[in-house]
Amino acid sequence: MSELTVTADSRIVVQLVLTLSDGSVAESTKANNKPALLTLGDQSLSPKLEAQLLGLTVGSQHKFSLAAEDAFGASNPDLVQYFSRQAFLEAGEPEVGTIMLFSAIDGSEMPGIVREISGDSVTVDFNHPLAGQDITFEIEIIDINPVLEEQNENLTG
């Protein structure tokens with residue numbers, strides 16, 4: 001039996017450490033030992049990130065760097081919005097650096113980061129928190145195409 005490898009439609013369980021260009025760690029699943037589940041081919045990952053994962057096998061460790069536009073995208077000024085402080089009455093007083101959920105027109109929820117509070121104006125950034133950052137990825141493949149709990153239920157039901 002051949003060893004499983006990551007393909008263009010794989011679901012993979014990974015331990016990862018994301019490091020910014022200044023050397024600070026932006027994200028680490030190893031810190032709390034909670035591996036991440038990534039899905040290739042669903043447009044949630046950038047094409048260059050997916051390309052780095054293809055062909056890896058369980059136990060593979062891979063370290064690589066991606067420029068901002070190839071990692072989480074460039075920061076888009078159109079995704080920075082301004083709100084009246086009154087819009088936050090129900091949610092409570094906003095604080096700079098807080099991530100809050102906002103309802104989009106279609107009813108979905110989008111996370112936004114409060115960037116600035118000035119008088120009655122609250123600036124909220126809907127860019128990915130790592131947008132605009134060059135990122136070094138350290139990834140270890142834990143599992144490929146794991147059987148998820150809901151799939152088990154489907155098999156028995």
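The values are calculated or read from the model by the stated rules, or taken from the named source; none is laboratory data. Given the structure is predicted, the values throughout are model-derived calculations rather than measurements. Note that we place each Cβ from the backbone using ideal geometry, even for glycine, and neighbour counts take in every protein chain shown.
What to note about this one:
- Scanning the range 108-130 for residues that are without any contact (Cβ under 8 Å) to a residue 12 or more places away in the chain and under 23 Å from Phe72 (Cα atoms) yields Ser108, Glu109.
- Residue list for the range 76-107, filter: in contact (Cβ under 8 Å) with a residue 24 or more places away in the chain, touching an Asp or Glu at 6+ places or on another chain (Cβ under 9 Å) and under 21 Å from Leu130 (Cβ atoms): Leu79, Val80, Gln81, Phe102
- Number of positions in the range 106-123 that are under 19 Å from the mean Cα position of the chain (by Cα) and at positive phi: 0
- Criterion applied to Ala31, Ala8 was being over 14 Å from Ile139 (Cα atoms) and among the hydrophobic types (A, V, I, L, M, F, W, C), and the one residue passing it is Ala8.
- Flag if Gly23 is surrounded by fewer than 13 Cβ atoms within 10 Å (Cβ to Cβ), in contact with a helix residue (DSSP H, G or I) (Cβ under 8 Å, 6 or more places away or on another chain) and assigned by TED's automatic domain parsing to the domain that holds Ile135: no
- Unmet requirement for Ala74, which otherwise passes all of (1) modelled with pLDDT of 95 or more; (2) under 18 Å from Ser44 (Cβ atoms); (3) in a loop (DSSP other than H, G, I, E, B): (1)
- In the range 48-102, the residues that are surrounded by 15 or more Cβ atoms within 10 Å (Cβ to Cβ) and farther than 30 Å from Gln15 by Cα: Val80, Phe83, Phe88, Pro94
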